[in-house]
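The values are calculated or read from the model by the stated rules, or taken from the named source; none is laboratory data. As the structure is a prediction and not an experimental result, all values here were calculated from the model. Here the Cβ is made from the backbone with ideal geometry for all residues, glycine too, and neighbour counts use every protein chain on show.
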Amino acid sequence: METKDANQVEPREQNRQLGGKYLTFQLGEEQFGLEILKVREIIGVLDVTKVPQTAAFVRGVINLRGKVIPVMDLRLRFGLPWREDDERTCTIVVEVGEADGHRRLMGIVVDQVREVVSVRDDDVENTPSFGVELDTAYILGMAKLEGGVKILLDIDRVVADSQLVIG
Amino acid sequence: MNDQDLILGSLLDDLAAEAMVLEPGDLMTYGDILSRLEQLLVVADGLGAGPLTQLLGGLKSIMEGLILGQIPDQAQGVAGLTEGVALAQSLLRGESGEHELGLYLAAQGLAEGAPASAPAPPPATDEVAAATMAETAPEASSEPAAPPESSEGETFADEDEELLMGFVTESLEHLQSIEVNILLLEDTPDDQETLAAVFRPFHTIKGVSGFLNLQDINHLSHALENLLDQARSGRLVVAGEAIDVILAGVDQLRQMILEAQAAFREKRPRRAFSTKALEDRIEAVLSGEAVAPAAPPPPRLGEVLVEKGLVEPEAVEEALAEQRERPDKPLGEILLSQGAAGPSEVAEGLKAQRAMAQGARQVQAQEVKIDTVKLDNLLDMVGELVIAQSMVAANPKVQAINDRKLAADLSQLARITTELQKSTMAMRMVPIKQTFQKMVRVVRDTAKKQGKAVRLLLEGETTEIDRNMVEKFYEPLVHMVRNSVDHGIESVEERLAAGKPEEGTVTLAAYHKGGNVCIEIRDDGKGLNRQKIVAKAIERGLISGDEGLSDEEAFHLIFEPGFSTAEVITDISGRGVGMDVVKRTMEELRGKIEIRSLEGQGTTFTIALPLTLAIIDGMVVEAAGERFILPTVAVVESLRPRREEYSTVQGRGEMIMIRGNLLPLIRLHEVVNDGHERPEPWDTLVVVVEHHGQRRCLLVDRLIGRQEVVIKSLGESLKDVKVVAGGAIMGDGRVGLILDVEGVFKAHENRRA
């Protein structure tokens, strides 16, 4: 499902300032970073209501204090194998902008939330084309930090490109 | 009909809805309609629908002619357009063919596909002046008093955005209030307060537009302000032509302001308007050329006294005769001296007179503007509070505490939360007043065009209605009100011949009844003619005969698609487009229409709408481990079928025999899930659901109960899930899905295909 977008990707501004605070989380063997400004809150795994006619990576919808929001399993979204939830599995509620100016909330299930880190502009390197299963279109850059390399995720693009509904 | 025809049909319906409320000269709507036509052309072209494409092409050129001012008679152009739209609908239904199309195109002068561009005589002067755009009136600068049009070609700077947007919203509100007040002024022309209420907004618009360098808007509002200033100082009576000029001015200002907004959004230069024609008319009014005889300030004391039954009409006549001789003496005094009325009666009459004059004046409601997002958030949170409260109260550990104080506090908490929920729900409601008041203008304009005398009475204006509903319901209401004036009320001669008062009355009433909001459109006109309706319906092939048809059922035939379209082609008023569109909109709003009519005495349409669109009465069912909500309106019954009532067609299509009818069985498990579970129908339950006259059996695991739920959107990313209409927060705080019955039927059909 990612392939169709490869053509649409505009050349990313190479000099974009990527420094700032990131929330890091674990997915499989890799560590990712999410811009902290996009994160609304972190909650556990709530009881979801399954929605028919949706893709396998859509867990369903939850009630977030009176609002109905969709929840996406990021593992399945990136084609990683399914894994049983454990006590560390978390839902990160992100707020993403849309082309029409509306903002949308979405829950993203990850294996484990780590910490909030500060990234300096110099820490970030452009995305090399390397062999992760993940399309590089969704990567803002790679941050080399003491704790290891974090993949800085372009969550707006991940959400915008996700075809939640099938059939 | 296949899917594409359906899409085409619904696009056409939308177009018809817009066309039916189109006013000649309304440039904004012209533009809308043109883009709808273009959209339709693309769809129709893709289908290879020859005649329809030809017709739409013709309509498009009419529209272009209207916009460019090439069609001299705007009203006729609009009539031609609505007729064409009706023809398009009937073409699509296959009720008309090439022959009708040929006739229509020929009548519109479109036979060769050439745009109707006969050399245009100047537009009639009483036409809404908006049609006179800058290029058609180059003489604007010849007027010495008016500075040259300098606004053409200007663009707005980005930093003006906030100012401009603020100006647009505010001005549009001002214009609306002017419209309402000016019509009040028609009844009480010398009421200073109402005059001021009309004057002030013009003054504000003038000031801000000058600041924003919107020259033409500034000029026009200045001229109008002048006119009203004269009225305020008593040198001019606002009546007749003055009112028409002000209303025309309001229309043009609205268009200029909307154009400014559109220009800013599209980052293009603003189109300048010529205000010369209007300014000339204002000048004419001011110089007294066009001043209509000053209307006497109604209501008059004598009338009030007679109406209240306090004084005999003859006594008033007598007193008035005396007053003519001694004009400086008040009527009340004469009546007293003649002994026709006691002081208390006169006092009561005076009080009533004053109340009438004041009651008409718009009372400024105390209100605060709130961002709808904030309001929705509040509603969400209150909903959660109710759930949290009930969860605490239902907690077994809390219930085990044997404490009177706690029990009392908990029930107090429950009361408060319920009350809070009610108040927040009430915030979505707005009084129907504003919508009703817009109808005053509609009635006035329509009656004027037809040369009829019609007065509009409003009842129950304070009745509240869901804000979202008001918008959807506006166009159909305009249509129905217009229909009442147009077809309901007779001409003055006919009325006099029938022994009725010269002036017809249309009453708009709103009230609450049994959990519904009812809106009545009542006229004292000629009533519906059952024979004619039935005859026309038979002619159109809608029914074969009228045996066993009640009056109400016969009247409802006017809502059938294809009924009013037949009329439009013969009807000179050319306004017959789609009562079926009215009905469809009401159905979308989950409303019902009732018709009562007595020949010679009038017709009453009663529309019953639900109180709010936000809440749905639902049947909660369980299937595949999830709860689903079915709208109760769609549920016919639920039952557990017997084994022998179940049958299959070729081993696949499952059917249930219910009282002699074979109904297809839909397994909800298959629709919402992979359908691994295959419970036997006789072990579980089926719910019979109906949609658009089609019935299906829905196999579910369990029926949980009936419940009113607040509808929540699943959001942009899940809007394409066709089988689900929305979500609802259930009592345990989880989300339940509201099923879309049509979507479920479709999903089932696709599965079998």
Query raised in the report: Any idea which residue in the range B:498-531 is surrounded by the most Cβ atoms within 10 Å (Cβ to Cβ), counting only those that are small (G, A, S) and modelled with pLDDT of 90 or more?
Result: B:G504
Report summary line: Taking the range A:16-66 and keeping only residues that are within 13 Å of chain B (Cβ to nearest Cβ) and of a type in the set (D, E), one is left with A:D47
Requested in this report: State whether the residues of the range B:669-685 include one that is among the hydroxyl-bearing types (S, T, Y) and within 14 Å of another protein chain (Cβ to nearest Cβ).
Outcome: no
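This table checks each residue for (1) buried (at least 17 other Cβ atoms within 10 Å of the Cβ); (2) assigned to a strand (DSSP E or B); (3) not assigned by TED's automatic domain parsing to the domain that holds B:G515.
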{"residue": "B:F605", "(1), (2), (3)": "yes, yes, no"}
{"residue": "B:V633", "(1), (2), (3)": "no, no, yes"}
{"residue": "B:L662", "(1), (2), (3)": "no, yes, yes"}
{"residue": "B:P679", "(1), (2), (3)": "no, no, yes"}
**Report entry** Considering residues of the range A:67-105 that are free of Cβ contacts under 8 Å to residues at least 40 places away in the same chain and crowded, with 19+ Cβ neighbours inside 10 Å only, the residue farthest from the other protein chains (Cβ to nearest Cβ)
**Finding:** A:D73
Requested in this report: Determine whether the range B:695-712 contains at least one residue that is crowded, with 17+ Cβ neighbours inside 10 Å, closer than 26 Å to A:A55 by Cβ, of a type outside the set (D, E, K, R) and within 12 Å of chain A (Cβ to nearest Cβ).
Outcome: yes
Query raised in the report: Between a first residue in the range B:716-742 that is over 14 Å from B:I387 (Cβ atoms) and more than 9 Å from every other protein chain (Cβ to nearest Cβ) and a second residue that is surrounded by fewer than 19 Cβ atoms within 10 Å (Cβ to Cβ) and modelled with pLDDT under 90, which pairs have beta carbons less than 6 Å apart while being 6 or more apart in sequence or on different chains?
Result: B:V741/B:H691; B:E742/B:H691
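Of all the residues that make up the range B:351-382, how many are of a type outside the set (D, E) and at pLDDT 70 or above?
Summing the residues that are of a type outside the set (D, E) and at pLDDT 70 or above in the range B:351-382 gives 12.
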Query raised in the report: Taking only pairs six or more apart or across chains, which ones have beta-carbon atoms under 8 Å, a first residue in the range B:47-58 that is of a type outside the set (G, A, S), and a second residue that is surrounded by fewer than 18 Cβ atoms within 10 Å (Cβ to Cβ) and modelled with pLDDT of 80 or more?
Result: B:T53/B:L41; B:L56/B:L41
Requested in this report: List the helices (runs of 4 or more DSSP H) that sit entirely inside the range B:1-95 and contain at least 2 residues that are basic (K, R) and crowded, with 21+ Cβ neighbours inside 10 Å.
Outcome: none
Query raised in the report: What about A:R157, is it touching a Phe, Trp or Tyr at 6+ places or on another chain (Cβ under 6 Å) and at pLDDT 85 or above?
Result: yes
